[in-house]
Structures are given as structure tokens and as C-alpha cells.
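Structure, as C-alpha cells:
The values are calculated or read from the model by the stated rules, or taken from the named source; none is laboratory data. Being a predicted model, the structure only gives us computed values, none of them experimental. Every residue, glycine as well, gets a Cβ built from its backbone with ideal geometry; the counts of neighbours run over all protein chains shown. Ligands, DNA and RNA are stripped out before the accessible areas are found, and what is left, the full protein with its side chains, is counted by its heavy atoms. Shrake-Rupley method; radii C 1.70, N 1.55, O 1.52, S 1.80 Å.
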Amino acid sequence: SYYVNMNDDYTDAEIDRTFVGAKILGANGCVGSQGLKSTERLAAFPARHGMFLGVHNHDNLSDPDAFASEASIVKGLSLSPDIKATLDTRHYTAANGDCVAFLEAHHARVSSVHLGDRRKNNGRSTPFGEGDAPIIDGVRMTRRKRWPIVALLEFEHGTLRTGVEETQLMFDYCKRALA
């Protein structure tokens with residue numbers, strides 16, 4: 001997928017060109033962190049291009065426009081069969097959501113998962129295995145059930161290691177989980 005934050009300032013022509021560009025890049029869809037209001041407008045565009053529009057969740061439960069809870073994500077998915085979820089395990093966990101239950105219930109509408117670890121109750125981001133996100137359970141279930149969900153490692157926590165070293169540790173963590 002092509003990650004782009006389309007917003008209300010985009011014209012219809014710019015939205016169409018964004019999907020055209022994504023297709024040229026070989027993507028199957030465009031994913032962004034837009035809210036529900038923008039998604040309502042964008043929902044008509046992916047079908048014109050034979051693609052999907054992905055909604056990416058965050059942890060702001062107080063914003064009625066944000067995709068943060070299961071109910072808000074499901075509301076976004078209901079706008080079009082061409083809308084899919086990009087489940088961010090860090091944010092969903094911080095918002096006290098159950099990532100494994102979400103995947104179990106909505107896997108057919110999930111295009112990808114941003115794997116990251118974080119503490120519940122809007123806690124801090126952590127290295128893999130030090131937070132509350134069920135990374136291992138989610139990765140194992142996705143593989144066991146053969147769901148075509150892309151897993152992306154998301155590095156947003158502090159560390160004294162280089163980005164390359166930390167990403168390798170994250171990759172090795174997932175690899176051990178699947179061994």
C-alpha cells in the first residue's frame with residue numbers, strides 16, 4: 001500500500017491522481033491517518049481505480065472523528081467494501097483495545113498490521129516484548145489462519161541503539177515467535 005495522508009484540502013482530481021500514482025508504484029491501495037469525516041468523502045475513490053482505501057487507527061478516544069476504538073473502525077469500514085483497516089497494535093493497545101479479538105472478528109477487512117509495542121491506558125511506546133501489545137499472539141494467529149495480512153514493523157520507541165539495530169531486534173522477535 002501507499003501511505004499518504006489525504007485531507008479535506010485535496011481536490012477530487014488530486015485524490016484521483018494519488019490513487020493513479022499509487023497504482024503506478026505497484027500498490028493495491030492508499031492508507032492514511034485521516035479521520036471519519038475525510039474517509040466519508042474518500043470512500044468513493046478506491047473503486048474507480050480498482051484499489052482499497054485503508055484507515056489507520058490511533059489512540060485518541062476523545063476525538064469523535066478519530067479511528068481509535070473497534071466501533072469507530074467498524075463505522076469507517078461500513079462506508080464502503082473498498083475500505084480496509086490498517087490495525088496499529090501500538091495505538092490500539094494504548095487505547096485499551098484487544099488486537100487479537102479485533103483481528104479474529106475483522107481479519108477479512110484488514111489489509112495490514114503495524115506491529116509495535118506499547119503500554120495500555122495510553123502508556124508509553126516500548127521495545128517489542130516490554131509492553132502490553134499481543135504481538136506474538138497476533139503474528140502467530142495470522143500465520144496459522146493464513147490470513148493475507150501484511151505485517152509492518154513500526155519503530156517509534158526510544159532506544160540507544162541505531163535504527164538498523166533496533167529494527168533487526170524487532171524482526172528477530174517476530175521470527176522467534178514464528179519458529
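Positive end of the charge dipole of segment 37-179 (Lys, Arg +1 and Asp, Glu -1 on Cβ, about the Cα centre): tell me which of 60, 45, 153 has its Cα farthest that way.
45
Just read off the accessible area of residue 33 with the full protein assembly in place, 1.4 Å probe, to the nearest 10 Å².
Residue 33 has an accessible surface of roughly 40 Å² with all protein chains in place.
Percentage of Cα-Cα pair distances in the chain greater than 27 Å, rounded to whole percent?
Taking all Cα-Cα pairs of the chain, the fraction more than 27 Å apart is 27 percent.
Over segment 137-178, average the accessible area per residue using a 1.4 Å probe and give it in Å², no decimals.
72 Å²
I'd like the projected area of segment 34-109, averaged over all directions, using the convex hull of its alpha carbons. Report it in nm² with one decimal.
4.5 nm²
Per residue of segment 109-126, in order, report the coupling 6.51 cos²θ - 1.76 cosθ + 1.60 (Karplus, θ = phi - 60°) as ³J(HN,Hα) in whole Hz, putting x for Gly and Pro.
10, 9, 8, 7, 10, 8, 7, x, 10, 6, 7, 5, 6, 6, x, 6, 6, 9
In square angstrom, what is the accessible area per residue of segment 1-135 with a 1.4 angstrom probe?
44 Å²
Tell me the carbon and sulfur percent of the accessible area for the chain, rounded to whole percent, probe radius 1.4 Å.
The C+S portion of the solvent-accessible surface of the chain is 52 percent.
What percent antiparallel are the DSSP beta bridges of the chain, to the nearest 5?
Once the DSSP bridges in the chain are tallied, antiparallel ones form about 10 percent.
Take a quick pass over the chain and tell me how many lysine pairs come in under 24 angstrom between Cα atoms, counting only ones 8 or more apart or on separate chains.
Lysine pairs meeting the criterion: 7.
Using the Cα atoms of segment 79-158 to build a convex hull, what is its mean projected area in square nanometres?
5.2 nm²
Taking only Cα atoms, what is the 0 to 90° angle, nearest 10, from helix 135-144's long axis to the longest principal axis of the chain?
Roughly 70 degrees between the two axes.
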